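The values are calculated or read from the model by the stated rules, or taken from the named source; none is laboratory data. In this text, all values refer to a predicted model and were calculated from it rather than measured experimentally. Cβ placement follows ideal geometry from the backbone for every residue including glycine, while neighbour counts extend to all protein chains displayed. In case anyone asks, the SASA skips ligands and DNA or RNA and just uses the protein heavy atoms, side chains included. Shrake-Rupley method; radii C 1.70, N 1.55, O 1.52, S 1.80 Å.
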Amino acid sequence: MARPTINDVARAAGVSKGAVSFALHNQPGVAPATRERILEVARELGWTPSARARALSVSKALAVGLVMARRPETLRADPFFPSFIAGVESVLSERGYALLLQMVTDPDRARQSYRRLADEGRVDGVFVTDLLVSDERPALLAELGLPAVIVGPAVEDPYWPVVGADDAPGIVAAVQHLIDLGHTRIAHVGGPSGVVHGVSRRNAWAATLREAGLADAPFIETDFSAESGAAATRHLLELDEPPTAILYANDLMAMAGLSLAVSRGVDVPGQLSIVGFDDTEIAAHLQPALTSVRQDAIAWGRAAATRLLELIDDTPPSPVELAPPALVVRASTGPVSSGAAHAAPSARRRSTPERGRMEKQ
């Protein structure tokens, strides 16, 4: 007979999986009566925690883990994670904890890594990043009894605490800025459709266009890499009706797109406005300087590490206040020109079917 899971307990108790996880691991956030009902159902079903969960109360590894299922090429120049890890380390070092970082090639190997880390007792908790739309990791970590903090936009029934700011307001501010400049054909070069923050940014872009009464604009899905950003830009410039503005899901792709456009003789922002996301340090030093959505990755890292250590120590959560994304306007965006849609004919060699706040610097 299969061992009962948290999903089984949730269905029998008539509550969410997250509520079950909090109750079984004695975390705050569940009413006393609900906690008792969940525990009673768990006893009736014969649910028991893993050996790792029992061991947590006895000893600690004084290390936390971060397992990333990414190609090294996409992480090599990623602007977010170095800052995020710096924020994490600033908290861990004060508490005598170490960060164990593992790179794997796919989600299956990531799950294997989590199981191995739990079985070997090498970490006391983990960070979950790049959350997928249908992600098995939070449930797996709950089954393993391995405390976790999810980093990114809030999701429904997450099992574990979520640390991060909603990126939608930043996207909305960017699109509205372009609309205010007169742009009506605003393309989006986004992230993978299976990644939560890729979907959230695409949805915010599309919703803002709809609310402004604008027609659907081109969208290209990428893997967040510079190479894919350049390829997407090339595709957009070769359309019969190229966009007059492009919003990228990160600065890395925006920089690659900016370079590609300029190399093809496109005047930025005279013929094409470009907006990034992350506001990396180099964004202000490009030519032209890149308009981008700023988020504080270091603060995210500090907050995530603080919350994870609270879970490990079974202490009440401290308030988390993260600044919302803010649009930083620079020289890569400008008013739409009357000839922008027909600019740089040499760049269009073929026709392909289309498939918060604001600061100025």
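The table below gives the values:
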{"item": "With all protein chains modelled, accessible area of Leu39 [1.4 Å, Å²]", "result": "50 Å²"}
{"item": "Mean accessible surface per residue for segment 93-193, computed with a 1.4 Å probe while every protein chain stays in place, in Å²", "result": "39 Å²"}
{"item": "Which of Arg294, Arg76, Arg302 is most accessible, then next, and so on - probe 1.4 Å", "result": "Arg76, Arg302, Arg294"}
{"item": "Dipole magnitude of the chain about its Cα centre (Cβ charges: Lys, Arg +1; Asp, Glu -1), debye to nearest 20", "result": "420 debye"}
{"item": "Residue-averaged [θ]222 nm for the chain, counting only DSSP H segments that reach four residues, each worth -39500 (n - 2.57)", "result": "-12500 deg cm²/dmol"}
{"item": "GluC sites (Glu not before Pro) lying in DSSP loop within segment 80-179, provided at most 15 other Cβ fall within 10 Å", "result": "Glu136, Glu156"}
{"item": "Heavy-atom accessible surface of the chain: percent carbon and sulfur, 1.4 Å", "result": "53 percent"}
{"item": "Accessible surface ranking that places the most exposed of Met103, Met253 first, with a 1.4 angstrom probe", "result": "Met103, Met253"}
{"item": "Computed accessible area, Asp108, all protein chains, 1.4 angstrom probe, square angstrom", "result": "90 Å²"}
{"item": "Sum of side-chain charges, Arg307 neighbourhood, beta-carbon under 14 Å (Lys, Arg +1; Asp, Glu -1)", "result": "-3"}
